[in-house]
Amino acid sequence: MEELEPKKVLIGAAIIFVLIAFIWYYFYYESTSIQISNLKREISRLYRYKSELPVLMAKYRKAQKEFGQYSKKLPLKEEIPTLLVKLNSIIKNQDVELLSFRPGKAHLSKNKLYYIKPINISMKATYVNCGSVFENVARMSRLFKVKDFRLSEPKIVNSKKVLINVNFSAETYYFRR
């Protein structure tokens, strides 16, 4: 076997070293460098969020409080039984007779943010007591809109009391989920 010249060995070792360095750079260092720069960007983004967090949390708490107030007026579900109990309580306190309470089918509002639930209600009352019922309904915490109000069939009970049939349509509202 012939001996290799030291110059050729040195050049071969240099080529192998450069080749190993290139492979290391290409397969390890470059991808690691990209990952490091991505992580640095992510860390700086998270630090920005961290500095904004107290302000965002204050806004979130305020929004939750407002939502709680509005959800009393515009609940997340129909709540027809609850509404009937409240309305019945108001009516009984005013010495009014509830003749019928017929909820209709709910439909979406034009802006599609909430449902509108129509309700047809009939009751028998004096004119003054009917007005008191509507006044108390207006004070309810939840939205309840009276529409198409009709008075009919007045019946004289005595000189101070005239009963009338009161028919009206009403609408109640609740959030769309």
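In region 120-171, of all residues being among the polar types (S, T, N, Q) and at pLDDT below 80, the one that is farthest from Asp95 (Cα to Cα) corresponds to Ser141. Every test in (1) assigned to a strand (DSSP E or B); (2) touching a residue at least 24 places away in the same chain (Cβ under 8 Å) is passed by Asn129 save one, and that test is (1). Taking the stated definitions as given, is Pro75 modelled with pLDDT under 90 and exposed (fewer than 10 other Cβ atoms within 10 Å of the Cβ)? For Pro75, the condition - modelled with pLDDT under 90 and exposed (fewer than 10 other Cβ atoms within 10 Å of the Cβ) - is not met. Going by the structure shown, is Leu39 at pLDDT below 80, in a helix (DSSP H, G or I) and either in the same structural domain as Arg150 (by TED's automatic domain parsing) or not charged (D, E, K, R) (or both)? The answer is no for Leu39. For first residues located in region 108-124 and within 11 Å of Tyr173 (Cβ to Cβ), partners that are polar (S, T, N, Q) and assigned to a strand (DSSP E or B) and lie 6+ apart or on another chain with Cβ distances below 6 Å form the pairs Lys117/Thr172. Quick check: is even one residue across region 103-114 surrounded by 13 or more Cβ atoms within 10 Å (Cβ to Cβ) and either touching a Leu at 6+ places or on another chain (Cβ under 8 Å) or closer than 30 Å to Ile156 by Cβ (or both)? Yes, the conditions are met somewhere in region 103-114.
The values are calculated or read from the model by the stated rules, or taken from the named source; none is laboratory data. Keep in mind that what you see is a predicted model, and the values were worked out from it rather than measured. In this analysis, Cβ positions are derived from the backbone assuming ideal geometry, glycine residues included, and neighbour counts consider all displayed protein chains.
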